[in-house]
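The values are calculated or read from the model by the stated rules, or taken from the named source; none is laboratory data. Keep in mind that this is a model prediction, so the values were computed, not measured. FYI the Cβ positions are ideal-geometry reconstructions off the backbone, even for glycines, and counts take in every protein chain you see.
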Amino acid sequence: MDNAELRQYILNFSLDDGPHSNQGYNRVLLQLFGYAGHGKSSFINSCKYIIDDGEKFKEHAEPENIQSKGGKTMIREAYVLTKSITIVDNRGFSATDSFQRAEIYAQLGNFIPIGEKVTWTDNYIAMMNRLEDAELNPNYFDFIVPILIYSADYDLKGTQREELKTFLENCERMTGIFPIIVISKKESGVVKNIKKMFNLMGSKVIIPIENFTMEDHDKTQGKTEKILTIIHKALEEVRSRLREKRNSVDDRVQQKKFLLEYIYNADQEKKEKQWRIEEINRRDEEMRKEKSGSCRIL
Ligand SMILES: Nc1nc2c(ncn2[C@@H]2O[C@H](COP(=O)(O)OP(=O)(O)O)[C@@H](O)[C@H]2O)c(=O)[nH]1
Ligand SMILES: [Mg+2]
């Protein structure tokens with residue numbers, strides 16, 4: 001397909017077209033992940049630039065992180081690309097807090113809706129209550145395709161690599177799709193090595209790009225093709241999944257088991273951390289008492 005055909009395919013894409021129709025899904029959600037500054041907002045702007053009518057480059061998504069005071073509430077915008085496709089920028093990825101990750105997994109599995117605003121829950125009871133509430137009214141069936149935006153100039157350290165691999169695997173568990181890897185700023189690093197790293201993590205679809213930015217937005221054939229190809233690949237994943245009749249009840253049971261276990265472990269982790277802190281404080285207190293006691297004897 002040439003660029004015009006790819007664009008038309010994307011614009012015409014409908015979830016109702018498969019042999020089993022939409023199987024309850026009402027939109028495709030391209031959910032972006034990635035570290036701050038790797039080009040998520042720029043990728044949204046690139047997609048809008050290529051798909052929307054009009055020649056002018058606009059910054060729909062602000063190319064920087066917006067996080068409210070206290071870092072607990074996150075404002076996330078959903079950008080409508082076509083009548084069937086929406087893109088969401090997920091700023092929670094680099095979170096080290098397991099509860100925040102649990103929240104992301106819950107979203108990926110459609111257990112809680114992707115809203116405009118997320119207030120992170122940070123304990124077991126609150127998280128379980130949210131899940132229970134959401135289950136009462138599960139009318140938001142997004143077909144989620146996870147996409148990781150990773151900058152070519154970034155060097156990932158050992159433990160971060162492990163974390164990322166686990167994250168990618170868990171994304172697949174919750175959505176049925178292994179995240180598509182987009183290597184942004186491809187001129188700024190050695191793409192071959194990064195591809196190899198992601199191959200080892202199990203990635204099949206890895207596409208290096210240069211985003212369109214305010215500084216450089218010449219609509220060249222090559223750049224345009226890459227952006228269109230990513231969206232096309234995502235839609236092909238959706239199409240192939242919808243060709244099979246999905247056993248949504250089974251899927252949901254498996255996802256829920258995983259999620260409950262994950263939240264339980266997150267809670268244990270948090271408690272252990274608290275215990276360790278309390279233990280250190282207790283020892284400090286004892287030492288302090290011992291010292292003041294020995295001072296008095298002297
Ligand atoms: N040269 C180049 N710069 C990029 C590319 N993608 C993003 N940028 C720049 O990198 C910076 C961070 O990008 P941004 O989209 O805000 O990253 P985010 O934090 O992941 O949303 C901005 O100054 C962008 O203009 C790219 O593919 N090539
Ligand atoms: Mg951003």
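Out of (1) touching a residue at least 40 places away in the same chain (Cβ under 8 Å); (2) within 18 Å of Ile209 (Cβ to Cβ), the odd one out for Lys48 is which?
It is condition (1) that Lys48 fails.
Please go through the stretch 173-203 and pick out each residue that is outside any helix (DSSP H, G or I) and either touching a helix residue (DSSP H, G or I) at 6+ places or on another chain (Cβ under 9 Å) or within 16 Å of ligand 2 (Cβ to nearest atom) (or both).
Correct list: Gly176, Ile177, Phe178, Pro179, Ile180, Ile181, Val182, Ile183, Ser184, Lys185, Gly202, Ser203.
Could you please let me know if Arg252 is surrounded by 11 or more Cβ atoms within 10 Å (Cβ to Cβ), in contact with a His (Cβ under 9 Å, 6 or more places away or on another chain) and more than 30 Å from Ile183 (Cβ to Cβ)?
No; evaluated as a whole, the condition is false for this residue.
Looking only at the stretch 131-190, count how many residues are of a type outside the set (D, E, K, R), within 14 Å of ligand 1 (Cβ to nearest atom) and loosely packed, with under 14 Cβ neighbours inside 10 Å.
Number satisfying all stated conditions: 1.
Taking the condition of being surrounded by fewer than 22 Cβ atoms within 10 Å (Cβ to Cβ) and within 16 Å of ligand 2 (Cβ to nearest atom), how many residues in the stretch 1-41 meet it?
3
Take the residues in the stretch 42-57 that are within 16 Å of ligand 2 (Cβ to nearest atom) and either polar (S, T, N, Q) or modelled with pLDDT under 90 (or both); name whichever of them is surrounded by the most Cβ atoms within 10 Å (Cβ to Cβ).
Among those residues, the one meeting the criterion is Ser46.
What pairs come out if I take residues in the stretch 145-174 that are farther than 23 Å from Gly189 by Cα and pair them with residues that are within 12 Å of ligand 1 (Cβ to nearest atom) whose C-beta lies under 7 Å away, six or more apart or interchain?
Hits for this filter: Pro146/Phe33.
Scan the stretch 243-263 and report the pairs whose first residue is under 17 Å from Phe141 (Cβ atoms) and whose second residue is in a helix (DSSP H, G or I), with Cβ atoms within less than 8 Å and a gap of 6+ or a chain change.
Correct list of pairs: Gln254/Arg173; Gln255/Arg173; Gln255/Met174; Leu259/Ala102; Leu259/Tyr105; Leu259/Ala106; Leu259/Leu131; Leu259/Met174.
Given the conditions (1) over 30 Å from Ser84 (Cα atoms); (2) not in a helix (DSSP H, G or I), which single one is not true for Ile263?
(2)
All but one of (1) free of Cβ contacts under 8 Å to residues at least 12 places away in the same chain; (2) within 16 Å of ligand 1 (Cβ to nearest atom) hold for Asp2, so report the exception by its number.
(2)
What's the total number of residues in the stretch 30-53 that are closer than 18 Å to Ile144 by Cα, touching a Phe, Trp or Tyr at 6+ places or on another chain (Cβ under 7 Å) and either more than 14 Å from ligand 1 (Cβ to nearest atom) or assigned to a helix (DSSP H, G or I) (or both)?
Matching residues across the stretch 30-53 total 1.
Please state which one of Arg282, Arg246, Arg241, Arg252 is under 30 Å from Met127 (Cβ atoms) and not in a helix (DSSP H, G or I).
Going through Arg282, Arg246, Arg241, Arg252 in turn, just one is under 30 Å from Met127 (Cβ atoms) and not in a helix (DSSP H, G or I): Arg246.
Failed condition for Val191, given (1) β-branched (Val, Ile, Thr); (2) in contact with a His (Cβ under 9 Å, 6 or more places away or on another chain); (3) free of Cβ contacts under 8 Å to residues at least 60 places away in the same chain, with all others met?
Going through (1) β-branched (Val, Ile, Thr); (2) in contact with a His (Cβ under 9 Å, 6 or more places away or on another chain); (3) free of Cβ contacts under 8 Å to residues at least 60 places away in the same chain one by one, Val191 breaks only (2).
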